[in-house]
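Throughout, read-outs are computed from the coordinates displayed, never taken from laboratory work. All values reported here derive from a predicted model rather than from experimental measurement. Methodologically, a virtual Cβ is constructed for each residue, glycine included, from the backbone with ideal geometry; neighbour enumeration extends over all protein chains shown.
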Amino acid sequence: MESNPRGSAAAFAMAEHAAPGGYDAVCAEEAVTRLYEAHALGLIRLAHIMLGDRSSAEDVVQEAFCGLYRRWSHLADPASAVHYVRSSVLNGCRSVLRRGNARRALALTGYQPPESSAESVALTGEERREVTRALRRLPQRQREALVLRFYLDLSAEDAATTMGISPSSVRSAITRGLASLGRMLQESS
Amino acid sequence: MNTLEDRLTAALRETGEEISRDSVPPLVLDRPRRRARAGDGASRRRWMTRLTPLAAAAAVAAVVTASLAISGTFHGRLRAAGPAAGRSGGAPAGGPGALRQVPPYYVSLTSGSNAYILGGQRAEVRATTTGAVLATIRPPRPFGAFTWVSGASDDRTFILAAQRYWPVAPGNQGAKATIRDNGTPTVFFRLSFTASTRTARLTELATAGQVKPSQQLAGMALSPDGTRLALDLRRSIQVVNLASGTRRTWRWPGGGWVGNFKPYGQVLSWTADGRMLAFQQWSGKFDNTPHVRVLDTTAPGGSLLASKLAVTWPQSGAQTLDGPVNTLIAPDGSKIVAPTMTQARKAPYPTALQITEFSARTGKIVRSLDPFRFGGPGPYQNVLWTSPSGATVIVSDPRGKAQGTVPGVLSGNRFTALPRVPQTNQIAW
């Protein structure tokens with residue numbers, strides 16, 4: 001069980017620690033590679049949640065890091081690289097969904113039920129499918145806000161930075177998103 | 001799951017965990033910007049269709065180029081050493097399961113484009129089964145290069161030797177001053193790797209002291225329990241207690257030298273109990289007769305003549321040890337594993353290479369594995385790690401490339417190449 005979906009803060013700190021001299025002393029390629037090693041898993045998972053398609057998720061994250069690499073010299077503060085690449089991943093997911101792949105991407109794929117009783121397997125799988133299905137019917141902003149808040153455990157301020165909107169808009173999107181999600185789940189049950 | 005938030009969090013986590021840590025693909029930074037956007041399967045297929053003829057043409061061109069390159073080498077001393085001259089052999093290919101019979105992580109020292117660096121500008125911790133880089137470490141300033149690496153048996157503790165400037169191989173005196181300096185002391189660092197977080201911590205080992213350039217550090221090996229470090233100083237061996245800093249020294253009183261010239265791996269090796277240390281001793285005579293001796297490090301320091309002579313070459317059939325190669329003692333102390341060579345005395349000097357196990361007690365050949373045959377002088381095999389009994393070893397083999405070698409696991413006389421091993425001349429498990 002991977003307990004920390006952000007998978008990042010500690011690993012990133014240690015990756016920095018592992019290279020004496022920090023970002024100033026390493027070239028862009030190494031810095032981006034190290035960032036990838038620390039954050040790729042969490043970001044691919046994020047994109048996978050948003051898209052429901054693993055290969056698209058991997059492509060989006062690769063593109064995001066390639067973009068970061070190309071723009072590394074323009075980055076005012078290397079510490080903001082994580083926010084930058086997370087925003088890029090969200091943008092990439094929006095692009096994939098916008099291009100009409102949404103229906104294909106939203107299909108639930110590849111779920112392996114845990115080894116347990118048949119009944120609990122059925123219940124767990126169905127529960128997750130319902131929640132995920134409902135989540136993906138939400139408007140984009142509400143869906144992103146909920147994922148950033150409840151999967152990445154970001155604060156409203158950090159989610160706002162990632163989404164490029166104000167913190168109050170994030171809070172509003174979370175409130176509305178939860179309300180809509182609750183309604184949809186109630187209707188389906 | 002009481003609240004909606006709990007249900008949502010659980011569903012998101014379960015979905016996210018469909019992606020396992022091991023399945024993260026490597027980052028490819030140099031790939032061109034794609035017009036076909038992510039997830040656009042149709043356009044991806046379209047591009048693949050268009051690129052297929054180009055790929056086929058490129059493959060043909062690559063084959064032709066490689067053939068020309070190989071034929072070019074035949075004009076020199078290696079003329080008969082290529083596949084066209086009848087290279088054959090090597091153990092048959094094994095399966096990926098073999099990769100799980102060896103320690104899961106290794107450290108390699110890697111550099112940029114400076115081929116003459118005998119070490120690396122950074123140390124990379126990699127996964128044996130995938131080759132994925134799990135952590136990267138650079139020597140802290142003012143040190144500029146790691147020069148040696150050795151690992152304990154816990155698969156998370158490694159010792160790195162560092163120097164201020166690059167050590168340079170003979171013949172590179174024309175290199176820039178900043179990379180020519182081999183006149184600085186060597187210091188030692190402990191690298192502690194945590195697999196669960198994929199992080200590495202570097203700690204300077206003050207107790208290990210410094211090795212002066214005049215002492216000519218020529219190799220090192222960390223004891224299996226990680227408490228002692230053996231240093232090859234060409235004319236002597238020192239064993240340093242890393243907790244107390246105390247050291248014992250054994251000197252070689254005769255001619256020749258101890259160790260070898262910077263092999264691809266560890267030049268010294270320990271038995272699992274941390275008592276016996278195996279080392280090479282070359283006679284220094286015209287024929288460079290090599291020996292492997294085994295030293296009891298619990299005895300007081302003194303003369304290396306007190307060590308036991310385990311294997312001496314040439315063996316029957318003119319088999320010998322040649323070149324910058326390692327020889328390892330199996331951790332149970334029963335065998336010496338060595339890459340050996342048999343070369344004919346007449347042109348075109350056909351060469352046979354093999355990994356040979358010798359009885360540490362009698363010095364006789366137990367068995368030979370992974371045989372290669374070349375039409376002339378060939379590249380080197382090397383042995384980089386052995387399992388407790390020597391039944392499974394990690395070797396580097398002259399297979400798969402026109403030049404250079406490929407590290408892999410040799411088990412049951414089947415060879416499984418390690419994936420994505422970087423260009424390196426120092427590696428440790």
Starting from the Cα-Cα distance between B:T362 and B:V28, subtract it from 0.36 nm times their residue separation and give me the gain in nm to one decimal.
115.1 nm
Among B:Y380, B:Y106, which comes first, second and so on when ranked by fewest other beta-carbon atoms within 10 Å?
B:Y380, B:Y106
Search the structure for amide H atoms under 5 Å from the amide H of B:Y264, placed 1.01 Å from N in the peptide plane, and list their residues when 5 or more places away or on another chain.
B:N326
If I take R0 = 25 Å and measure r between the Cβ atoms of B:S389 and B:N241 in this structure, what FRET efficiency does the formula 1/(1 + (r/R0)^6) give, to the nearest 0.05?
0.30
In terms of modelled amide H atoms, which long-range or inter-chain residues lie less than 5 Å from the amide H of B:Q426?
B:L109
Here, trypsin sites (Lys or Arg not before Pro) of the stretch B:222-294 satisfying both criteria (DSSP loop; at most 10 other Cβ within 10 Å) are B:K285
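Hey, fewest Cβ within 10 Å first, where do B:Y105, A:Y36 land in order?
On the way: B:Y105 19, A:Y36 24.
Ordered by Cβ neighbours within 10 Å, fewest first: B:Y105, A:Y36.
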Run the quick spin-label model on A:S155 and B:Q423: label points 7 Å from Cα toward the beta carbon, then report their separation in nm to one decimal.
4.7 nm
Name the residues of the stretch A:135-158 whose amide N is less than 12 Å from a point 7 angstrom out from the Cα of A:R183 along the C-beta direction?
A:138-139
Estimated distance in nm for a label pair at A:R94 and B:S192, the labels positioned 7 Å out from Cα along Cα-to-Cβ
4.5 nm
